[in-house]
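A quick write-up on the structure given underneath.
The values are calculated or read from the model by the stated rules, or taken from the named source; none is laboratory data. Please read these numbers as outputs of a predicted model, since none were measured by experiment. As a convention, Cβ positions derive from the backbone with ideal geometry for all residues, glycine included, and neighbour counts pool all protein chains shown. Heads up: the accessible areas ignore ligands, DNA and RNA and are worked out on the full protein's heavy atoms, side chains in. Shrake-Rupley method; radii C 1.70, N 1.55, O 1.52, S 1.80 Å.
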Amino acid sequence: MKKILVAPLAAALCLAAPAVHAAPHAPAPHQDWSFDGPLGRFDMAAVQRGYAVYAQVCSACHSMNAVTYGDLGAMGLTDEQVRQIAAAQSVPGGVDAQGEPVTRPATAADHFRNPFPSPEAAAAANNGTPPPDQSRLALVYTGGPDRIYALLTGYRTPPAGYRPSHPGAFYNPYAADGEISMPPPLHDGLVDYADGTPATTAQEARDVTTFLAWVAQPHLAERHRLGIQVTLYLLFLAVLAFLLKRRIWSDVH
Ligand code: HEC
């Protein structure tokens, strides 16, 4: 009987296991992140600086289709700050009386402006490889935030004998096959930080990685808090049940 049950179960498990054939890349060193672990919460100053990096650098190539300007309020901005950020961006605004496409300033309800009008245009502008959407990248990218940080800070002089497999490819040990079609996006002093933090490459990489992790799951800290509350409540119920049991059975010897 057991065997009859176990065989299909094992088969089902094999089918359910994701078939990941990740190309080899150097393992990313672990970083200390404010949002790590069950008690982790986001360092909102870092999230805000990371948004500055996204807005000033990454947004030239990477879309963030699942995120609205209004979502930025949750990183500690006022409605007015959100309105100003949105209004500075122009998004497609339908057509005018002549049928020509027009643009309008974005509002809090609009999704982030897409840098390219179509996936084909995104690929054509980037040597044939479209930059991936960044809305959930920190969640779905193999290696997660550690590897995003390693990748952003990992461009270096290639070893002797390295030949790019195609024009526009860059050596980076943390990219799949040690090569990537993204030019090194960060360098020292590239970003203007409103809080005066010195914008080194490492700082920019840390901050934008924190922003990408936050944007992928902005409710992480609340979920952690709820989890702890539920655990405490269940512990309390367990103690109560134990005391009640002792009392009910106290006459029985
Ligand atoms: C000039 C355009 C451009 C800019 C600016 C840019 N990227 Fe990219 N990015 C790309 C392209 C193209 C790819 C796809 C590369 C590939 O698959 O070879 C990519 C891929 C990535 C990947 C996935 C890498 C992988 O292994 O598949 C990450 C992570 C990433 N970019 C992060 C960033 C961050 C963070 C910024 C801002 C600091 C940024 N990018 C700025 C063009 C850009």
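Below, the figures for the structure above:
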item: Helix-only [θ]222 nm of the chain, DSSP H runs n ≥ 4, -39500 (n - 2.57) each, per residue, nearest 500; result: -12500 deg cm²/dmol
item: Solvent exposure ordering (accessible area, 1.4 Å, most first) of Tyr149, Tyr233; result: Tyr233, Tyr149
item: Spherically averaged projected area in nm², based on the convex hull that wraps the Cα atoms of the chain; result: 25.4 nm²
item: The chain: angle of helix 2-16 to the longest principal axis, Cα-based, in degrees nearest 10; result: 20 degrees
item: With DNA, RNA and ligands ignored, accessible area of His30 (1.4 Å probe; Å², nearest 10); result: 120 Å²
item: Rounded FRET efficiency, nearest 0.05, which uses the C-beta distance separating Asp110 from Arg41 and R0 of 35 Å; result: 0.80
item: Ile180 accessible area, assembled protein chains, probe 1.4 Å, Å²; result: 30 Å²
item: Label-point gap, in nm, between Arg247 and Gln81 - each point 7 angstrom along Cα→Cβ; result: 5.2 nm
item: Ranked by how many other beta carbons lie within 10 Å on average, peptides 188-199, 62-73 from highest; result: 62-73, 188-199
item: Long-range amide H partners of Val91 with built H, under 5 Å; result: Arg104, Ala106
item: Cα-based helix-to-principal-axis angle, 220-248 vs the chain, degrees rounded to 10; result: 0 degrees
item: Thr209, Thr157, Thr78, ranked by accessible area, largest first (probe 1.4 Å); result: Thr157, Thr78, Thr209
item: For the chain, accessible area per residue (1.4 Å probe, heavy atoms of protein chains only), Å²; result: 62 Å²
item: For Thr231, solvent-accessible area (1.4 Å; no DNA, RNA or ligand), Å²; result: 80 Å²
item: The range 51-90 - percent of accessible surface contributed by carbon and sulfur, probe 1.4 Å; result: 51 percent
item: Exposure rule at most 15 other beta-carbon atoms within 10 Å, DSSP loop trypsin sites (Lys or Arg not before Pro): the chain longest free segment; result: 42-155
